[in-house]
Structure formats: structure tokens, C-alpha cells
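What follows is a short report on a single structure.
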Amino acid sequence: MKSINKAYQFSTILVVILFLSTTIYAQEKVSFSEATSITKKITVKYFSDYFKLDFDAMKDNMHDDISFHDPTAELIMGTRLVEGRTNVYESFKKNYAAIIEMKQEPIRTIFSSTTGIFEIIIKYRFNDGPDKMITIEMPLVVVLTVKDGKVIEHRDYADYNYFIEQYNTQK
């Protein structure tokens, strides 16, 4: 009788644990529309700060494990994947130091689940030496992924054919 009683107690405890874990998981799960709304709010702010070159404000919306990469710039500028909030922040400050101004002409935005996508024409001016300003206009797609209320992944994809053509005519 004792073994049946212990088995019953064990089964009861197991059922309670499973019920509680299912209830807790269901409470933590965010709906698609809630995730999309959060993503839109965070990525719009981050993207706006990006174009203001306000890296301090961007840092506030960066996940500790954020990564940044522009694979389309690798062969031109030698860019590589940068990981970690401090490293991404420092990389922006260093690599964007010559940029005097960035503007964007929006084409389309998409916010879905944990991803924000910005398709734009980027216009920027940068200092290319003493008294030498270069102005570039080119298509750019920025893909931002959100985790735990912060941007965890930032990817830029640009058509650098436009960059090369404009740079060569202005240098």
C-alpha cells in the first residue's frame, strides 16, 4: 500500500510541476502582434539614432550580445562581423568618424515579429582628407533583429556599385 501511495504522490507532484511550467511558459509567451509592436518601437528609435550618428543613444538600445555586419562592404572596406555591445559601439564611433552627415529617403519598412527592415536610399557626406568632401547616394537595406527588448543583430546590405562610381568621380 505504501508503494502505491508513494507512486500516487509522485504522479501528483509531477502533474503539478508540468501544469505550473506550462502555465508559466504560456504567460511569458508574447503574441505576434505584441512582438511586432515592440520591435517597431525599438528598431525605429535605433534606426533614427543611427542616422543621427548618435551612437550613445544607440548603445542604450543594443543587446549585450549584439552583432553588426555589412557583408556587402567586405571587399571594398574590409569590414568584418563585430560582436558585443562595447565592440559594436566602438566600431561605429571609429568607422563612422569621417561621416559628416547621413540622411535617408525611405522606400519601404517592414516590421514582423522580432525583425525590422528598412529599405532606403542613403545619402551621406564624409571627409576624405584635408578639405575633401565626398557625397554618396546609394540603395541600402538595414535589417535589425530584437531580443529581450534590445537590438541583437544589425545587418546592412548596400549596393556599393553606386559608391564606387560616385567616389571615383569625386576623388
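Data for the structure
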read-out: Identity of the residue in the stretch 79-109, assigned to a helix (DSSP H, G or I) and among the β-branched types (Val, Ile, Thr), that ends up farthest from Phe126 (Cα to Cα); value: Thr86
read-out: Filtered residues of the stretch 67-78 (kept if of a type outside the set (S, T, N, Q), outside any loop (DSSP other than H, G, I, E, B) and in contact with a Phe, Trp or Tyr (Cβ under 9 Å, 6 or more places away or on another chain)); value: Phe68, Pro71, Ala73, Leu75, Ile76, Met77
read-out: Filter result for Phe118 (crowded, with 18+ Cβ neighbours inside 10 Å and in contact with a strand residue (DSSP E or B) (Cβ under 7 Å, 6 or more places away or on another chain)); value: yes
read-out: Residues satisfying the stated conditions in the stretch 29-47, i.e. over 23 Å from Glu101 (Cα atoms) and either in contact with an Asp or Glu (Cβ under 9 Å, 6 or more places away or on another chain) or part of a helix (DSSP H, G or I) (or both); value: Phe32, Ser33, Glu34, Ala35, Thr36, Ser37, Ile38, Thr39, Lys40, Lys41
read-out: Test: residue in the stretch 48-56 that is among the hydrophobic types (A, V, I, L, M, F, W, C), at pLDDT below 95, within 27 Å of Glu137 (Cα to Cα) and part of a helix (DSSP H, G or I); value: yes
read-out: Where a residue in the stretch 32-46 is surrounded by 16 or more Cβ atoms within 10 Å (Cβ to Cβ) and its partner, wherever it lies, is among the basic types (Lys, Arg), with Cβ under 9 Å and at least six apart; value: Ile42/Lys150; Tyr46/Lys150
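Quick grid of which residues meet (1) of a type outside the set (Val, Ile, Thr); (2) on the phi < 0 side of the Ramachandran plot:
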position	(1), (2)
Asn95	yes, yes
Thr114	no, yes
Asp131	yes, no
Ala158	yes, yes
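The values are calculated or read from the model by the stated rules, or taken from the named source; none is laboratory data. Predicted, not measured: the structure shown is a model, and the values here were computed from it. Reconstructed Cβ throughout: ideal geometry from the backbone, glycine too, with neighbour counts over all protein chains shown.
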